[in-house]
Amino acid sequence: MSGAGPTADRRCTVWRHARLATLAGPSGWGLVEDGALVTRGAHIAWIGPDAQLPSGLATPDAHEQDLRGALLTPGLIDAHTHLVYGGDRAGEFELRLQGATYEEIARAGGGIRSTVAATRAASDDELFTGAAQRAQALMAEGVTTIEIKSGYGLSELHEGRCLAAARRLARELAVTVRTTSLGAHALPPEYAGRADAYIDAVCGWLGAQQAAGLVDAVDAFCDTIGFTPEQTQRVFEAARALGLPVKLHAEQLSNQEGAALAARYGALSCDHLEHLSDAGVAAMRTAGTVAMLLPGAFYFLRETKLPPVAALRGAGVPIALATDHNPGSSPALSLLLMLNMACTLFRLTPEEAFRGVTVHAARALGLADRGTLVPGQRADLAVWDAEHPRELAYRFGHNPCRRVMFGGFERLTPSGPRERAPEAGALP
Ligand code: NIG
Ligand code: FE
(Lines give C-alpha, C1' and ligand atoms only; values in the text may rest on other atoms or scores of the structure.)
(Ligands and ions follow the chains in the order given, each with its own letter.)
Protein backbone atom coordinates (compact mmCIF):
# COMPACT_ATOMS: atom_id res chain seq x y z
CA MET A 1 0.00 0.00 0.00
CA SER A 2 1.53 3.25 -1.01
CA GLY A 3 0.90 6.96 -1.42
CA ALA A 4 -0.23 9.00 -4.40
CA GLY A 5 1.48 11.98 -5.98
CA PRO A 6 1.47 15.45 -4.41
CA THR A 7 -1.54 17.71 -5.01
CA ALA A 8 -1.16 19.58 -1.73
CA ASP A 9 -3.67 22.28 -2.62
CA ARG A 10 -6.54 19.84 -2.29
CA ARG A 11 -8.59 19.36 0.86
CA CYS A 12 -7.61 16.29 2.89
CA THR A 13 -9.32 14.08 5.44
CA VAL A 14 -7.37 11.57 7.51
CA TRP A 15 -9.46 8.67 8.81
CA ARG A 16 -7.58 7.00 11.64
CA HIS A 17 -7.92 3.85 13.76
CA ALA A 18 -10.41 2.13 11.43
CA ARG A 19 -10.86 -1.51 10.53
CA LEU A 20 -10.43 -1.32 6.77
CA ALA A 21 -11.98 -3.77 4.31
CA THR A 22 -10.11 -2.73 1.18
CA LEU A 23 -11.14 -5.57 -1.18
CA ALA A 24 -7.79 -4.99 -2.87
CA GLY A 25 -6.63 -7.99 -4.89
CA PRO A 26 -8.70 -10.69 -6.57
CA SER A 27 -10.02 -12.33 -3.40
CA GLY A 28 -10.27 -11.87 0.34
CA TRP A 29 -11.56 -8.93 2.33
CA GLY A 30 -8.23 -7.08 2.30
CA LEU A 31 -8.58 -6.39 6.01
CA VAL A 32 -6.29 -3.88 7.71
CA GLU A 33 -6.61 -3.78 11.49
CA ASP A 34 -6.07 -0.35 13.02
CA GLY A 35 -5.79 1.19 9.58
CA ALA A 36 -5.66 4.73 8.29
CA LEU A 37 -6.90 6.24 5.05
CA VAL A 38 -6.12 9.68 3.63
CA THR A 39 -8.39 11.35 1.09
CA ARG A 40 -7.19 14.26 -1.00
CA GLY A 41 -9.77 16.02 -3.12
CA ALA A 42 -12.15 13.45 -4.53
CA HIS A 43 -9.74 10.53 -4.25
CA ILE A 44 -7.94 8.20 -1.86
CA ALA A 45 -4.33 9.35 -1.46
CA TRP A 46 -2.97 6.78 0.99
CA ILE A 47 -4.13 3.68 2.85
CA GLY A 48 -2.33 1.36 5.24
CA PRO A 49 -1.67 0.54 8.90
CA ASP A 50 -2.19 3.56 11.15
CA ALA A 51 1.27 3.08 12.62
CA GLN A 52 2.74 3.64 9.15
CA LEU A 53 0.82 6.82 8.37
CA PRO A 54 3.45 9.07 6.78
CA SER A 55 3.90 12.47 8.34
CA GLY A 56 3.48 15.41 5.99
CA LEU A 57 1.22 13.50 3.59
CA ALA A 58 -1.92 15.44 4.46
CA THR A 59 -2.27 19.21 4.23
CA PRO A 60 -1.87 21.08 7.55
CA ASP A 61 -5.60 21.92 7.61
CA ALA A 62 -6.62 18.30 7.04
CA HIS A 63 -9.63 17.04 8.96
CA GLU A 64 -8.57 14.20 11.23
CA GLN A 65 -11.24 11.71 12.22
CA ASP A 66 -10.69 8.97 14.81
CA LEU A 67 -12.98 6.06 13.92
CA ARG A 68 -12.17 4.19 17.16
CA GLY A 69 -12.19 0.78 15.54
CA ALA A 70 -15.27 1.24 13.32
CA LEU A 71 -15.37 -0.56 9.98
CA LEU A 72 -14.54 1.45 6.85
CA THR A 73 -15.42 0.06 3.42
CA PRO A 74 -15.90 1.33 -0.11
CA GLY A 75 -19.27 3.01 -0.66
CA LEU A 76 -21.84 0.54 -1.95
CA ILE A 77 -22.98 0.40 -5.58
CA ASP A 78 -26.53 -0.55 -6.58
CA ALA A 79 -25.91 -1.39 -10.23
CA HIS A 80 -29.44 -2.36 -11.34
CA THR A 81 -32.48 -0.30 -10.40
CA HIS A 82 -35.64 1.04 -11.99
CA LEU A 83 -36.04 3.92 -9.51
CA VAL A 84 -38.04 6.32 -11.70
CA TYR A 85 -41.74 5.47 -12.09
CA GLY A 86 -45.23 6.50 -11.06
CA GLY A 87 -47.68 4.61 -8.86
CA ASP A 88 -47.14 1.24 -7.21
CA ARG A 89 -48.23 -2.36 -7.77
CA ALA A 90 -49.39 -3.35 -4.26
CA GLY A 91 -52.72 -4.53 -5.74
CA GLU A 92 -50.86 -6.81 -8.13
CA PHE A 93 -48.93 -8.19 -5.16
CA GLU A 94 -52.28 -9.21 -3.62
CA LEU A 95 -53.37 -10.82 -6.90
CA ARG A 96 -50.19 -12.85 -7.04
CA LEU A 97 -50.73 -13.99 -3.46
CA GLN A 98 -54.16 -15.21 -4.54
CA GLY A 99 -52.54 -17.34 -7.25
CA ALA A 100 -52.11 -15.18 -10.36
CA THR A 101 -48.63 -15.41 -11.86
CA TYR A 102 -46.37 -12.50 -12.86
CA GLU A 103 -46.65 -13.57 -16.51
CA GLU A 104 -50.46 -13.87 -16.39
CA ILE A 105 -50.78 -10.38 -14.96
CA ALA A 106 -48.40 -9.01 -17.59
CA ARG A 107 -50.24 -10.73 -20.46
CA ALA A 108 -53.55 -9.35 -19.16
CA GLY A 109 -52.18 -5.81 -19.59
CA GLY A 110 -51.09 -5.29 -15.98
CA GLY A 111 -47.54 -5.58 -14.79
CA ILE A 112 -45.05 -3.25 -16.44
CA ARG A 113 -47.78 -1.68 -18.59
CA SER A 114 -49.78 -0.58 -15.54
CA THR A 115 -46.69 1.24 -14.27
CA VAL A 116 -46.25 2.79 -17.72
CA ALA A 117 -49.71 4.37 -17.47
CA ALA A 118 -48.95 5.76 -14.00
CA THR A 119 -45.54 7.02 -15.13
CA ARG A 120 -46.92 8.82 -18.18
CA ALA A 121 -49.54 10.46 -15.95
CA ALA A 122 -46.97 11.69 -13.40
CA SER A 123 -45.43 15.17 -13.67
CA ASP A 124 -41.68 15.65 -13.98
CA ASP A 125 -41.55 16.78 -10.34
CA GLU A 126 -43.57 13.79 -9.17
CA LEU A 127 -41.23 11.43 -11.00
CA PHE A 128 -38.23 13.16 -9.49
CA THR A 129 -39.59 13.32 -5.94
CA GLY A 130 -40.58 9.64 -5.83
CA ALA A 131 -37.21 8.57 -7.21
CA ALA A 132 -35.34 10.89 -4.83
CA GLN A 133 -37.08 9.37 -1.79
CA ARG A 134 -36.18 5.91 -2.97
CA ALA A 135 -32.58 6.92 -3.75
CA GLN A 136 -32.21 8.37 -0.26
CA ALA A 137 -33.41 5.11 1.29
CA LEU A 138 -30.61 3.33 -0.60
CA MET A 139 -28.08 6.03 0.27
CA ALA A 140 -28.84 5.69 3.99
CA GLU A 141 -27.21 2.27 3.77
CA GLY A 142 -23.93 3.55 2.38
CA VAL A 143 -24.81 3.55 -1.32
CA THR A 144 -22.75 6.09 -3.27
CA THR A 145 -23.44 4.97 -6.88
CA ILE A 146 -26.81 3.99 -8.37
CA GLU A 147 -27.64 2.76 -11.85
CA ILE A 148 -31.12 3.83 -12.95
CA LYS A 149 -32.96 2.45 -15.95
CA SER A 150 -35.78 4.00 -17.90
CA GLY A 151 -38.39 1.54 -19.15
CA TYR A 152 -41.70 2.80 -17.76
CA GLY A 153 -42.17 5.62 -20.27
CA LEU A 154 -41.98 3.55 -23.48
CA SER A 155 -42.19 6.54 -25.82
CA GLU A 156 -39.46 8.97 -26.82
CA LEU A 157 -41.03 11.72 -24.73
CA HIS A 158 -41.68 9.71 -21.59
CA GLU A 159 -38.46 7.70 -21.70
CA GLY A 160 -36.60 11.02 -21.98
CA ARG A 161 -38.51 12.43 -18.99
CA CYS A 162 -37.54 9.40 -16.87
CA LEU A 163 -33.87 9.60 -17.85
CA ALA A 164 -33.89 13.34 -17.16
CA ALA A 165 -35.33 12.69 -13.68
CA ALA A 166 -32.45 10.26 -13.08
CA ARG A 167 -29.90 12.87 -14.19
CA ARG A 168 -31.55 15.42 -11.88
CA LEU A 169 -31.01 13.04 -8.94
CA ALA A 170 -27.27 13.21 -9.56
CA ARG A 171 -27.41 17.01 -9.54
CA GLU A 172 -29.45 17.29 -6.35
CA LEU A 173 -28.23 14.37 -4.23
CA ALA A 174 -24.72 13.38 -3.17
CA VAL A 175 -24.66 10.23 -5.28
CA THR A 176 -23.33 9.15 -8.68
CA VAL A 177 -26.07 8.11 -11.10
CA ARG A 178 -25.46 6.01 -14.21
CA THR A 179 -28.40 5.94 -16.58
CA THR A 180 -29.49 3.06 -18.78
CA SER A 181 -31.99 3.35 -21.62
CA LEU A 182 -34.48 0.48 -21.41
CA GLY A 183 -37.05 1.34 -24.05
CA ALA A 184 -37.17 -2.37 -24.93
CA HIS A 185 -38.69 -3.25 -21.56
CA ALA A 186 -42.29 -3.98 -22.64
CA LEU A 187 -44.55 -3.30 -25.59
CA PRO A 188 -46.58 -0.12 -25.02
CA PRO A 189 -50.32 -0.40 -25.78
CA GLU A 190 -50.17 1.86 -28.83
CA TYR A 191 -47.84 -0.67 -30.48
CA ALA A 192 -49.95 -3.77 -29.64
CA GLY A 193 -49.23 -6.45 -32.23
CA ARG A 194 -46.41 -4.36 -33.75
CA ALA A 195 -43.37 -5.27 -31.66
CA ASP A 196 -40.95 -4.93 -34.58
CA ALA A 197 -42.20 -1.42 -35.33
CA TYR A 198 -41.77 -0.54 -31.66
CA ILE A 199 -38.17 -1.81 -31.71
CA ASP A 200 -37.56 0.41 -34.77
CA ALA A 201 -38.79 3.35 -32.71
CA VAL A 202 -36.60 2.42 -29.73
CA CYS A 203 -33.53 2.17 -31.97
CA GLY A 204 -34.46 5.47 -33.56
CA TRP A 205 -34.61 7.53 -30.37
CA LEU A 206 -31.35 6.27 -28.83
CA GLY A 207 -29.27 8.77 -30.79
CA ALA A 208 -31.29 11.75 -29.54
CA GLN A 209 -31.09 10.46 -25.96
CA GLN A 210 -27.33 10.16 -26.30
CA ALA A 211 -27.02 13.62 -27.85
CA ALA A 212 -29.00 15.03 -24.91
CA GLY A 213 -26.52 13.42 -22.48
CA LEU A 214 -29.21 11.18 -21.00
CA VAL A 215 -27.78 7.71 -21.52
CA ASP A 216 -24.71 5.78 -20.37
CA ALA A 217 -25.79 2.28 -21.47
CA VAL A 218 -28.57 0.37 -23.23
CA ASP A 219 -30.59 -2.55 -21.85
CA ALA A 220 -33.46 -4.76 -23.04
CA PHE A 221 -35.79 -7.39 -21.57
CA CYS A 222 -35.28 -10.56 -23.60
CA ASP A 223 -37.92 -13.05 -22.47
CA THR A 224 -41.29 -14.59 -23.25
CA ILE A 225 -43.11 -11.49 -21.99
CA GLY A 226 -40.38 -9.16 -23.25
CA PHE A 227 -38.66 -9.13 -26.63
CA THR A 228 -37.19 -11.88 -28.81
CA PRO A 229 -33.44 -12.41 -29.25
CA GLU A 230 -33.76 -11.00 -32.79
CA GLN A 231 -35.42 -7.82 -31.53
CA THR A 232 -32.88 -7.56 -28.73
CA GLN A 233 -30.08 -7.88 -31.27
CA ARG A 234 -31.46 -4.95 -33.25
CA VAL A 235 -31.37 -2.81 -30.12
CA PHE A 236 -27.77 -3.91 -29.51
CA GLU A 237 -26.82 -3.03 -33.10
CA ALA A 238 -28.24 0.46 -32.63
CA ALA A 239 -26.33 0.84 -29.35
CA ARG A 240 -23.12 -0.38 -30.96
CA ALA A 241 -23.48 2.09 -33.82
CA LEU A 242 -23.58 4.87 -31.21
CA GLY A 243 -20.70 3.42 -29.17
CA LEU A 244 -22.96 2.76 -26.17
CA PRO A 245 -22.30 -0.30 -23.96
CA VAL A 246 -25.09 -2.85 -23.54
CA LYS A 247 -26.49 -5.05 -20.78
CA LEU A 248 -29.46 -7.40 -20.71
CA HIS A 249 -32.34 -8.66 -18.56
CA ALA A 250 -31.56 -12.24 -19.56
CA GLU A 251 -32.91 -15.70 -18.71
CA GLN A 252 -35.17 -14.45 -15.91
CA LEU A 253 -38.33 -16.45 -16.70
CA SER A 254 -37.03 -18.71 -19.50
CA ASN A 255 -33.83 -19.49 -21.38
CA GLN A 256 -33.66 -17.48 -24.61
CA GLU A 257 -29.85 -17.73 -24.85
CA GLY A 258 -29.95 -13.99 -24.34
CA ALA A 259 -26.81 -14.00 -22.22
CA ALA A 260 -24.75 -15.48 -25.06
CA LEU A 261 -26.21 -12.89 -27.44
CA ALA A 262 -25.36 -10.07 -25.03
CA ALA A 263 -21.87 -11.47 -24.53
CA ARG A 264 -21.30 -11.30 -28.29
CA TYR A 265 -21.90 -7.56 -27.98
CA GLY A 266 -19.41 -7.33 -25.09
CA ALA A 267 -22.19 -6.71 -22.56
CA LEU A 268 -21.17 -5.10 -19.27
CA SER A 269 -23.58 -7.41 -17.43
CA CYS A 270 -26.34 -9.95 -17.87
CA ASP A 271 -28.94 -9.66 -15.16
CA HIS A 272 -31.32 -12.12 -13.38
CA LEU A 273 -29.97 -15.36 -15.00
CA GLU A 274 -32.04 -17.97 -13.15
CA HIS A 275 -32.41 -19.92 -16.42
CA LEU A 276 -28.83 -19.34 -17.66
CA SER A 277 -27.41 -22.28 -19.67
CA ASP A 278 -23.87 -23.66 -19.59
CA ALA A 279 -23.33 -22.09 -23.02
CA GLY A 280 -24.40 -18.75 -21.56
CA VAL A 281 -21.93 -19.11 -18.70
CA ALA A 282 -19.11 -19.89 -21.15
CA ALA A 283 -20.00 -16.95 -23.39
CA MET A 284 -20.07 -14.56 -20.42
CA ARG A 285 -16.71 -15.81 -19.23
CA THR A 286 -15.15 -15.27 -22.66
CA ALA A 287 -16.59 -11.76 -22.94
CA GLY A 288 -15.77 -10.76 -19.36
CA THR A 289 -19.45 -10.02 -18.73
CA VAL A 290 -20.59 -9.64 -15.11
CA ALA A 291 -23.39 -11.89 -13.81
CA MET A 292 -25.82 -9.59 -12.00
CA LEU A 293 -27.92 -11.62 -9.57
CA LEU A 294 -31.12 -10.07 -8.26
CA PRO A 295 -32.28 -11.94 -5.16
CA GLY A 296 -35.07 -9.43 -4.45
CA ALA A 297 -36.92 -10.36 -7.67
CA PHE A 298 -36.25 -14.07 -7.09
CA TYR A 299 -37.75 -13.80 -3.61
CA PHE A 300 -40.67 -11.52 -4.43
CA LEU A 301 -41.80 -13.58 -7.44
CA ARG A 302 -41.41 -16.72 -5.32
CA GLU A 303 -39.12 -18.24 -7.95
CA THR A 304 -37.73 -21.69 -7.30
CA LYS A 305 -35.15 -22.03 -10.08
CA LEU A 306 -31.83 -20.86 -8.72
CA PRO A 307 -29.24 -19.04 -10.83
CA PRO A 308 -26.27 -21.36 -11.59
CA VAL A 309 -23.96 -19.91 -8.96
CA ALA A 310 -21.59 -22.87 -8.83
CA ALA A 311 -21.12 -22.79 -12.62
CA LEU A 312 -20.54 -19.02 -12.61
CA ARG A 313 -18.10 -19.33 -9.74
CA GLY A 314 -16.33 -22.26 -11.39
CA ALA A 315 -15.94 -20.32 -14.62
CA GLY A 316 -14.63 -17.26 -12.82
CA VAL A 317 -17.49 -15.03 -14.00
CA PRO A 318 -17.64 -11.99 -11.69
CA ILE A 319 -20.88 -11.97 -9.71
CA ALA A 320 -22.62 -8.73 -8.76
CA LEU A 321 -25.79 -8.09 -6.75
CA ALA A 322 -28.36 -5.32 -6.91
CA THR A 323 -31.77 -4.45 -5.55
CA ASP A 324 -33.44 -4.38 -9.02
CA HIS A 325 -35.70 -1.89 -7.27
CA ASN A 326 -38.93 -1.67 -9.30
CA PRO A 327 -42.62 -1.60 -8.40
CA GLY A 328 -43.48 -5.04 -9.84
CA SER A 329 -40.89 -7.68 -9.15
CA SER A 330 -38.65 -6.16 -6.47
CA PRO A 331 -39.92 -3.18 -4.43
CA ALA A 332 -36.77 -3.50 -2.30
CA LEU A 333 -34.97 -0.44 -0.98
CA SER A 334 -32.19 -2.16 0.94
CA LEU A 335 -28.97 -3.26 -0.73
CA LEU A 336 -27.84 -4.71 2.61
CA LEU A 337 -30.86 -7.01 2.56
CA MET A 338 -29.71 -8.25 -0.87
CA LEU A 339 -26.41 -9.30 0.72
CA ASN A 340 -28.24 -11.47 3.21
CA MET A 341 -30.63 -12.86 0.59
CA ALA A 342 -27.79 -13.69 -1.82
CA CYS A 343 -26.12 -15.70 0.96
CA THR A 344 -29.25 -17.46 2.25
CA LEU A 345 -31.04 -18.00 -1.08
CA PHE A 346 -28.13 -18.30 -3.54
CA ARG A 347 -25.43 -19.59 -1.18
CA LEU A 348 -22.94 -16.86 -1.92
CA THR A 349 -20.31 -16.35 0.75
CA PRO A 350 -20.52 -13.01 2.61
CA GLU A 351 -17.30 -11.99 0.87
CA GLU A 352 -18.70 -12.85 -2.59
CA ALA A 353 -21.87 -10.94 -1.75
CA PHE A 354 -19.94 -7.88 -0.59
CA ARG A 355 -17.72 -7.92 -3.68
CA GLY A 356 -20.99 -8.07 -5.60
CA VAL A 357 -22.06 -4.62 -4.33
CA THR A 358 -18.60 -3.05 -4.61
CA VAL A 359 -15.87 -4.29 -6.98
CA HIS A 360 -18.05 -6.32 -9.31
CA ALA A 361 -20.90 -3.81 -9.27
CA ALA A 362 -18.43 -1.14 -10.40
CA ARG A 363 -17.31 -3.39 -13.22
CA ALA A 364 -20.94 -3.99 -14.24
CA LEU A 365 -21.20 -0.23 -14.75
CA GLY A 366 -17.87 0.05 -16.56
CA LEU A 367 -16.49 2.19 -13.72
CA ALA A 368 -12.82 1.49 -12.93
CA ASP A 369 -12.48 4.28 -10.36
CA ARG A 370 -14.46 2.81 -7.45
CA GLY A 371 -15.36 -0.35 -5.57
CA THR A 372 -12.12 -0.84 -3.62
CA LEU A 373 -10.07 1.14 -1.09
CA VAL A 374 -6.91 1.70 -3.09
CA PRO A 375 -4.91 4.91 -3.69
CA GLY A 376 -6.24 6.71 -6.75
CA GLN A 377 -9.79 5.40 -6.38
CA ARG A 378 -12.66 7.79 -5.64
CA ALA A 379 -13.09 8.65 -1.99
CA ASP A 380 -16.54 7.04 -1.75
CA LEU A 381 -16.50 5.51 1.72
CA ALA A 382 -18.93 4.05 4.25
CA VAL A 383 -18.36 3.82 8.01
CA TRP A 384 -20.20 1.01 9.78
CA ASP A 385 -21.00 0.10 13.35
CA ALA A 386 -19.57 -3.38 12.80
CA GLU A 387 -16.41 -5.27 13.67
CA HIS A 388 -16.14 -7.37 10.52
CA PRO A 389 -17.63 -6.86 7.05
CA ARG A 390 -19.31 -10.27 7.13
CA GLU A 391 -21.74 -8.75 9.65
CA LEU A 392 -23.17 -6.63 6.84
CA ALA A 393 -24.45 -9.82 5.17
CA TYR A 394 -25.39 -11.51 8.45
CA ARG A 395 -27.95 -9.18 9.98
CA PHE A 396 -31.04 -8.12 8.08
CA GLY A 397 -33.58 -5.40 8.75
CA HIS A 398 -30.80 -3.46 10.44
CA ASN A 399 -28.78 -0.51 9.19
CA PRO A 400 -25.36 -0.09 10.82
CA CYS A 401 -24.21 2.66 8.41
CA ARG A 402 -23.01 5.64 10.43
CA ARG A 403 -21.20 7.97 8.05
CA VAL A 404 -20.69 8.28 4.31
CA MET A 405 -18.05 10.15 2.33
CA PHE A 406 -18.93 10.89 -1.30
CA GLY A 407 -16.11 12.00 -3.59
CA GLY A 408 -14.07 13.33 -0.68
CA PHE A 409 -16.97 15.16 1.02
CA GLU A 410 -18.76 13.71 3.98
CA ARG A 411 -22.53 13.69 3.71
CA LEU A 412 -24.25 15.54 6.57
CA THR A 413 -26.13 12.30 7.31
CA PRO A 414 -25.57 8.97 5.54
CA SER A 415 -28.31 9.90 3.02
CA GLY A 416 -27.98 13.66 3.26
CA PRO A 417 -26.41 16.39 1.16
CA ARG A 418 -22.71 17.04 0.93
CA GLU A 419 -21.04 18.67 3.90
CA ARG A 420 -20.26 21.71 1.78
CA ALA A 421 -20.27 22.79 -1.85
CA PRO A 422 -17.94 20.72 -4.03
CA GLU A 423 -14.77 22.12 -5.51
CA ALA A 424 -15.00 22.58 -9.24
CA GLY A 425 -14.11 19.38 -11.01
CA ALA A 426 -13.97 17.33 -7.82
CA LEU A 427 -17.24 15.52 -8.39
CA PRO A 428 -18.85 13.81 -11.36
O1 NIG B 1 -35.96 -6.42 -13.58
N2 NIG B 1 -37.75 -8.18 -15.80
C3 NIG B 1 -38.11 -7.12 -16.20
N4 NIG B 1 -38.05 -5.95 -15.55
C5 NIG B 1 -38.11 -5.76 -14.16
C6 NIG B 1 -39.48 -5.88 -13.63
C7 NIG B 1 -40.32 -4.78 -14.07
C8 NIG B 1 -41.71 -4.77 -13.51
O9 NIG B 1 -42.32 -5.80 -13.21
O10 NIG B 1 -42.20 -3.63 -13.40
C11 NIG B 1 -37.13 -6.65 -13.43
O12 NIG B 1 -37.51 -7.56 -12.69
FE1 FE C 1 -34.64 -5.08 -13.71
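The values are calculated or read from the model by the stated rules, or taken from the named source; none is laboratory data. Values in this document were obtained by computation on a predicted structure and should not be read as measured data. Here the Cβ positions follow ideal geometry from the backbone for every residue, glycine too, while neighbour counts run over all protein chains shown.
Could you tell me which of the residues HIS43, HIS80 is more than 13 Å from ARG16 (Cβ to Cβ) and within 16 Å of ligand 1 (Cβ to nearest atom)?
None of the other options fit; the residue is HIS80.
Applying the selection to the stretch 96-116, what residues are among the hydrophobic types (A, V, I, L, M, F, W, C) and either surrounded by 16 or more Cβ atoms within 10 Å (Cβ to Cβ) or under 24 Å from MET338 (Cβ atoms) (or both)?
Once the filter is applied, which keeps residues that are among the hydrophobic types (A, V, I, L, M, F, W, C) and either surrounded by 16 or more Cβ atoms within 10 Å (Cβ to Cβ) or under 24 Å from MET338 (Cβ atoms) (or both), the stretch 96-116 yields LEU97, ILE105, ALA106, ILE112, VAL116.
Residue by residue, here is whether (1) surrounded by 24 or more Cβ atoms within 10 Å (Cβ to Cβ); (2) of a type in the set (Asp, Glu); (3) not in a loop (DSSP other than H, G, I, E, B) holds:
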residue: GLU230; (1), (2), (3): no, yes, yes
residue: GLU237; (1), (2), (3): no, yes, yes
residue: ARG240; (1), (2), (3): no, no, yes
residue: ASN255; (1), (2), (3): no, no, no
residue: ALA267; (1), (2), (3): yes, no, no
residue: ALA279; (1), (2), (3): no, no, yes
residue: MET284; (1), (2), (3): yes, no, yes
residue: ALA291; (1), (2), (3): yes, no, yes
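Of these, VAL383, VAL357, VAL374, which one is within 12 Å of LEU321 (Cα to Cα), among the β-branched types (Val, Ile, Thr) and in contact (Cβ under 8 Å) with a residue 60 or more places away in the chain?
VAL357
Condition first: assigned to a loop (DSSP other than H, G, I, E, B) and within 16 Å of ligand 2 (Cβ to nearest atom). Now tell me which residues in the stretch 160-186 satisfy that.
Residues satisfying the conditions are HIS185, ALA186.
Could you grab me the full set of residues in the stretch 36-68 that are without any contact (Cβ under 8 Å) to a residue 40 or more places away in the chain and within 28 Å of the chain's Cα centre (by Cα)?
ALA36, VAL38
Can you name the condition, by its number, that HIS82 falls short on among (1) at negative phi; (2) surrounded by fewer than 21 Cβ atoms within 10 Å (Cβ to Cβ)?
Unmet condition: (2).
When you go through ARG16, ARG11 one by one, which is the residue that is surrounded by 14 or more Cβ atoms within 10 Å (Cβ to Cβ) and at pLDDT below 95?
When all the criteria are applied, what remains is ARG11.
Among (1) without any contact (Cβ under 8 Å) to a residue 40 or more places away in the chain; (2) within 16 Å of ligand 2 (Cβ to nearest atom); (3) hydrophobic (A, V, I, L, M, F, W, C), there is one condition ALA297 misses while meeting the rest; what is its number?
Against the list (1) without any contact (Cβ under 8 Å) to a residue 40 or more places away in the chain; (2) within 16 Å of ligand 2 (Cβ to nearest atom); (3) hydrophobic (A, V, I, L, M, F, W, C), ALA297 comes up short only on (1).
Taking the conditions exactly as written (over 19 Å from ALA263 (Cα atoms) and not basic (Lys, Arg)), does ALA320 satisfy them or not?
When the stated conditions are applied, ALA320 does not pass them.
Taking into account only those residues within the stretch 293-334 that are among the hydrophobic types (A, V, I, L, M, F, W, C) and assigned to a loop (DSSP other than H, G, I, E, B), which is surrounded by the fewest Cβ atoms within 10 Å (Cβ to Cβ)?
Among residues in the stretch 293-334 that are among the hydrophobic types (A, V, I, L, M, F, W, C) and assigned to a loop (DSSP other than H, G, I, E, B), the one surrounded by the fewest Cβ atoms within 10 Å (Cβ to Cβ) is LEU306.
In the stretch 187-197, is there at least one residue being of a type in the set (Asp, Glu) and within 16 Å of ligand 2 (Cβ to nearest atom)?
no
ALA36 - would you say it is modelled with pLDDT of 95 or more, in contact with a Cys (Cβ under 9 Å, 6 or more places away or on another chain), outside the structural domain of GLU126 (by TED's automatic domain parsing) and crowded, with 19+ Cβ neighbours inside 10 Å?
Judged against the criteria, ALA36 is not a match.
Would you check if GLY56 is farther than 30 Å from SER269 by Cα and either at pLDDT below 95 or within 16 Å of ligand 2 (Cβ to nearest atom) (or both)?
yes
With THR22, THR81 as the choices, which residue is closer than 29 Å to ALA135 by Cα, among the polar types (S, T, N, Q) and in contact with a Pro (Cβ under 9 Å, 6 or more places away or on another chain)?
It is THR22.
Would the stretch 139-156 turn up any residue that is touching a residue at least 60 places away in the same chain (Cβ under 8 Å) and among the aromatic types (Phe, Trp, Tyr)?
Yes, the stretch 139-156 contains a residue that is touching a residue at least 60 places away in the same chain (Cβ under 8 Å) and among the aromatic types (Phe, Trp, Tyr).
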